[in-house]
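*Asks:* Right, I'll just put the structure down here and ask away after.
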Amino acid sequence: MYPEGTRNLSDVSLPLKKGAMEVAYKLKVPIQVIITTNKDRMVNEKNLTVEYGVKMVVYYSKTIDPNDYENVQAWYTAIQVRFMQTWAQNTN
């Protein structure tokens, strides 16, 4: 799932959408932040191009368990922080 609501091809993160995260909180499903670099270079759906030999790297965070948070806003804030930390550490 793309938490920004779309595939983001820029070097800047978009705001996260809350809908799916609220459902995960209500169902008590842990979330994990996963960021993949260069996937748009490997297969670019907008330009209909494919590039071979591209190094694609996947970064992932520890899971974020909704049971560890008092309410959905605290849960959402923790996800935002973890997303921004993972993004900053791995997209520079």
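The values are calculated or read from the model by the stated rules, or taken from the named source; none is laboratory data. From a predicted model like this one, the values you see are computed outputs, not experimental measurements. No Cβ is skipped: glycine too gets one built from the backbone with ideal geometry, and neighbour counts run over all protein chains shown.
*Asks:* Answer with yes or no whether I31 is surrounded by 11 or more Cβ atoms within 10 Å (Cβ to Cβ), at pLDDT 90 or above and under 16 Å from the mean Cα position of the chain (by Cα).
*Replies:* yes
*Asks:* Then there's this: Would it be correct to say that Y76 is in contact with a helix residue (DSSP H, G or I) (Cβ under 8 Å, 6 or more places away or on another chain), closer than 16 Å to L14 by Cα and either modelled with pLDDT under 85 or not charged (D, E, K, R) (or both)?
*Replies:* Yes; evaluated as a whole, the condition is true for this residue.
*Asks:* Restricted to the range 51-92, and to residues that are more than 9 Å from V33 (Cβ to Cβ) and among the small types (G, A, S), which residue is farthest from the chain's Cα centre (by Cα)?
*Replies:* G53
*Asks:* Then there is this: For a quick check of your reading of the model, give me the residue pairs whose first member lies in the range 35-53 and is within 22 Å of A88 (Cα to Cα) and in contact (Cβ under 8 Å) with a residue 24 or more places away in the chain, whose second is of a type outside the set (S, T, N, Q) and surrounded by 13 or more Cβ atoms within 10 Å (Cβ to Cβ), with beta-carbon atoms closer than 8 Å and at least 6 apart or on different chains.
*Replies:* Final answer for the pair search is I35/Y59; I35/W87; T37/Y59.
*Asks:* Right, something else. Can you name the condition, by its number, that A78 falls short on among (1) assigned to a loop (DSSP other than H, G, I, E, B); (2) aliphatic (A, V, I, L, M); (3) without any contact (Cβ under 8 Å) to a residue 24 or more places away in the chain?
*Replies:* (1)
*Asks:* Continuing with this model, one more query. Determine whether Y2 is exposed (fewer than 13 other Cβ atoms within 10 Å of the Cβ) and either modelled with pLDDT under 80 or outside any helix (DSSP H, G or I) (or both).
*Replies:* Details: exposed (fewer than 13 other Cβ atoms within 10 Å of the Cβ): yes; either modelled with pLDDT under 80 or outside any helix (DSSP H, G or I) (or both): yes.
Here the answer is yes, as Y2 does meet what is asked.
*Asks:* So which residues in the range 37-59 are exposed (fewer than 12 other Cβ atoms within 10 Å of the Cβ) and within 25 Å of T86 (Cβ to Cβ)? It would help to see each step written out before you state the result.
*Replies:* Applying the first criterion (exposed (fewer than 12 other Cβ atoms within 10 Å of the Cβ)) to the range 37-59 yields 38, 45-53, 55, 57-58.
Those that are exposed (fewer than 12 other Cβ atoms within 10 Å of the Cβ) and within 25 Å of T86 (Cβ to Cβ): N38, E45, K46, E51, K55, V57, V58.
*Asks:* Collect the residues in the range 41-69 that are under 30 Å from E22 (Cβ atoms) and assigned to a loop (DSSP other than H, G, I, E, B), keeping them in residue-number order.
*Replies:* Within the range 41-69, E45, K46, S61, K62, T63, D65, Y69 qualify.
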